[in-house]
Each structure stands twice: as structure tokens, then as C-alpha cells.
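The values are calculated or read from the model by the stated rules, or taken from the named source; none is laboratory data. Keep in mind that what you see is a predicted model, and the values were worked out from it rather than measured. We place every Cβ from the backbone using ideal geometry, glycine too, and count neighbours over all the protein chains shown.
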């Protein structure tokens with residue numbers, strides 16, 4: 001591998017015409033510059049300079065290498081500027097993933113702040129459920145993913161990942177408004193053992209939360225309706241097809257739907273994380289994490 005400092009000296013000899021002037025540019029003595037140029041000749045195995053008592057000239061090989069050196073050193077300078085830009089949030093790209101509920105409620109507002117404050121950083125966003133996003137962070141194709149876990153389900157494979165908690169939200173029971181009128185206070189899921197349930201398809205990841213919660217209450221839910229998303233859960237509940245579990249962030253106003261806190265079983269929550277690679281120290285990812293926390297602090301119930 002050729003030494004960039006020696007290449008820089010050769011380029012400066014080509015520009016200035018003398019070793020002394022090249023040495024002055026490099027901030028070293030002429031003798032030291034001459035030694036470095038001799039070392040460069042040994043590196044490439046050919047003569048680069050024709051020396052005489054009063055002058056120095058580049059050989060044809062020296063002129064070719066000096067020409068390449070100029071381009072190489074320019075590329076190195078560009079690379080250094082790019083790295084400094086990224087470190088100072090002045091450039092680069094950040095790739096983000098988030099599941100739909102988080103995206104709508106707080107990720108998009110945080111990305112809006114990020115784009116306004118760091119317009120030179122390119123944002124790339126993909127909507128992904130946590131089961132899809134975690135392997136992509138591990139593989140390095142996503143820089144920061146907003147992911148979730150349902151307590152007390154078992155944790156996914158987190159090897160090589162760093163998770164910073166963003167928000168812990170309670171699970172609520174979405175019920176048709178006509179049914180809610182007969183309920184008072186918080187719900188005991190056991191009271192809904194014979195009620196039809198609306199739950200997810202297995203591919204969407206939150207079916208397990210419904211079944212886990214119902215089994216903790218002592219029964220297997222009768223799931224008549226299976227859907228892909230919380231908006232569909234709520235639409236089906238509002239139409240009177242059953243009841244369903246939803247996290248607090250998904251509990252938006254919906255015609256015909258009421259929300260009940262859950263008294264039993266206890267501890268039904270969804271924990272949301274900012275997930276990155278453990279070895280990634282991206283300033284852009286750290287900045288986005290701050291904006292996510294700021295938006296959540298302003299918008300979520302205390």
C-alpha cells in the first residue's frame with residue numbers, strides 16, 4: 001500500500017519543481033523529503049526522479065504516479081470531509097423502520113423534526129413489523145428500528161443489538177359501545193370468555209398477545225375474526241363482531257368502539273424500543289432517538 005504522505009510529496013515536486021519547495025509545503029526538511037521520496041521509489045520498484053546537483057525532474061513513471069497521486073489525494077480529502085460531515089450531522093444517510101402504530105403516532109413527527117434540523121442527511125423509511133425489522137438491523141440494512149415487545153411474551157433474538165426503551169403502554173380492551181354500557185370500571189378478561197374475539201393473523205405478530213392474555217385469565221379465546229392490523233381490529237369491534245386487545249397508542253377514536261382498562265390479568269403492556277446495532281455509534285441515530293423521546297414526552301399520556 002502506497003503511503004499518502006509520500007504521494008503528496010511527489011505531487012508537490014511535480015507542482016513546484018523542487019524537493020525543497022515540496023518539503024516546505026509538507027512542513028519538513030528537504031533532507032527528510034528526499035528520504036521519503038527515495039522510500040516511495042523503493043515501494044514502487046522504479047525510479048521516479050532524475051536528480052542532478054542543481055535540479056530534479058520526474059521520470060515518465062514519476063509523472064504518471066504524480067498524476068494518479070493528485071486524484072487519489074483529492075478522493076481521500078473528499079472521504080475525510082464526508083466522514084466529518086456525517087459525524088457533525090452534515091451529510092450521510094439514515095435508514096429507519098417502524099411498525100404502523102408507532103409511525104403514525106410519533107415516528108413521523110420525529111422524522112419531520114429531524115429533516116428540518118438536518119436537511120443534508122438523507123432519510124429512508126420502511127414500514128416493518130418488529131419480527132421483520134430486527135433481523136434487518138442485525139444485518140446492517142436498517143440503522144434504527146422502532147420495535148415492540150408484548151409482556152410477558154418471550155423476548156426475540158437480540159444478539160448484536162442495543163435497545164433503548166421509548167415508551168411502555170398498557171393494553172386496553174376494545175369493546176362494542178353497546179357492550180361497554182353494561183361494563184363498569186376496569187375489565188376482567190375472564191368475563192369475556194364466551195364472547196367472540198377479533199385477533200391477528202399469526203404473520204402480524206400480535207395474535208400471541210391476545211391468546212397469552214386470555215389464557216392467563218383462564219380460557220382460550222374464541223377467535224371468529226382474524227385481521228392484519230389494529231385499524232381492522234377496531235373496525236370489526238365497532239361493527240359488533242367481537243372484542244379485541246389493543247395497545248394504548250392504537251386506541252384511537254372509532255365509531256361504535258369503547259376502551260376499557262384491564263384489571264385482570266395484570267401487567268398486560270407493550271414496550272416500545274429504539275433498536276440499533278450495538279457497534280453502531282451513528283450521530284444521526286442518536287439524534288433521531290432524542291427526537292423520538294421528545295415527541296413521546298409531548299404527546300403520550302403520563
Exercise. Which of the residues belonging to region 286-299 are within 17 Å of residue 247 (Cα to Cα) and surrounded by 16 or more Cβ atoms within 10 Å (Cβ to Cβ)?
Worked result: 296
Exercise. Does region 93-128 hold any residues that are within 13 Å of the chain's Cα centre (by Cα), crowded, with 18+ Cβ neighbours inside 10 Å and outside any helix (DSSP H, G or I), and which are they?
Worked result: 94, 95, 96, 97, 98, 99, 128
Problem set entry | Pick from region 129-156, criterion part of a loop (DSSP other than H, G, I, E, B) and under 14 Å from residue 273 (Cα atoms), ranking: modelled with the highest pLDDT | 143
Problem set entry | Within region 157-170, considering residues that are in contact with a helix residue (DSSP H, G or I) (Cβ under 7 Å, 6 or more places away or on another chain) and under 24 Å from residue 231 (Cβ atoms), the one surrounded by the fewest Cβ atoms within 10 Å (Cβ to Cβ) | 170
For this session: Could you check, for region 269-284, whether at least one of its residues is in a helix (DSSP H, G or I) and either within 19 Å of residue 102 (Cβ to Cβ) or at pLDDT below 95 (or both)?
Result: yes
Problem set entry | Where residue 57 falls short, out of the listed (1) surrounded by fewer than 16 Cβ atoms within 10 Å (Cβ to Cβ); (2) assigned to a helix (DSSP H, G or I); (3) at pLDDT 85 or above | (2)
Seminar exercise, completed: Scanning region 33-52 residue by residue, the ones that are in contact with a helix residue (DSSP H, G or I) (Cβ under 8 Å, 6 or more places away or on another chain), part of a helix (DSSP H, G or I) and either within 17 Å of residue 23 (Cα to Cα) or in contact (Cβ under 8 Å) with a residue 60 or more places away in the chain (or both) total 6
